[in-house]
Structures are given as C-alpha cells and as structure tokens.
Amino acid sequence: MFFLWYLLIGLVAGWLASLVVRGRGSGFFVNIIVGIIGGLLGGWLVSLFGWYPIGTFASLIASVIGAIVLLCILSLFTNTRHSSAD
C-alpha cells in the first residue's frame, strides 16, 4: 500500500516540478519517474540543512524541491532550444 502512496506523491511532485520548470506537465510516466528520483534527491538535500521531512506534506515539499533541482540539472545537459526558420 505504501508503494502506491509513493507513486502518487511522485506523480504530484513531478507534475508540480514540471509546471514550475517547463510551464507544462511532462506526461504520466515521466512525472512519476521525475517525482520519485526528485523525492530521493530532495530528501537528501533538505537533510543537509538539518530538516528531515516527516509526514505527507513535508515529503511532498521535499520531493518537489528535489524534482525541480533534477529538472534544472537535466536542462543543462539537454538542448531544448528551438531554432526558427526564416
């Protein structure tokens, strides 16, 4: 049962992070993957500042922070610029 809860938190965190960074969602599975990896990254990052997320809301906030950082790092390595044809 907890696995489904982690997937739901990952989906919401990935979707919110995609809205912040890209202005739109990235799709169901991509949002889940970004949210879950972001949750791990966010939990680690906030623990460096002495905050340990306990509870659903705190876990969601840490996951969104980590997902935003993950998407920003990924955007450094991907070329998303569109050239306009004149």
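To keep it simple, each residue is scored yes or no on (1) of a type in the set (D, E, K, R); (2) closer than 16 Å to Val20 by Cα; (3) open to solvent by less than 80 Å² (accessible area, probe 1.4 Å); (4) modelled with pLDDT under 85.
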site: Asn31; (1), (2), (3), (4): no, yes, yes, yes
site: Gly42; (1), (2), (3), (4): no, yes, yes, no
site: Leu45; (1), (2), (3), (4): no, no, yes, no
site: Gly66; (1), (2), (3), (4): no, yes, yes, no
site: His82; (1), (2), (3), (4): no, no, no, yes
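Being under 14 Å from Tyr6 (Cα atoms) and either part of a loop (DSSP other than H, G, I, E, B) or touching a residue at least 12 places away in the same chain (Cβ under 8 Å) (or both) is the filter here, so list the residues in the stretch 20-40 that pass it.
Asn31, Ile32, Ile33, Val34, Gly35, Ile36, Ile37, Gly38, Gly39, Leu40
Across the stretch 1-29, which residue is modelled with the highest pLDDT among those that are over 17 Å from Ala58 (Cβ atoms) and among the aromatic types (Phe, Trp, Tyr)?
Trp15
When you look at Trp44, is it assigned to a helix (DSSP H, G or I) and more than 11 Å from the chain's Cα centre (by Cα), yes or no?
Considered against the rule, which asks whether it is assigned to a helix (DSSP H, G or I) and more than 11 Å from the chain's Cα centre (by Cα), Trp44 comes out as yes.
The values are calculated or read from the model by the stated rules, or taken from the named source; none is laboratory data. Given the structure is predicted, the values throughout are model-derived calculations rather than measurements. A quick note on method: Cβ atoms are made from the backbone with ideal geometry, for glycine too, and the neighbour counts reach across all protein chains shown. The accessibility values were calculated without ligands, DNA or RNA, using every heavy atom of the protein model including side chains. Shrake-Rupley method; radii C 1.70, N 1.55, O 1.52, S 1.80 Å.
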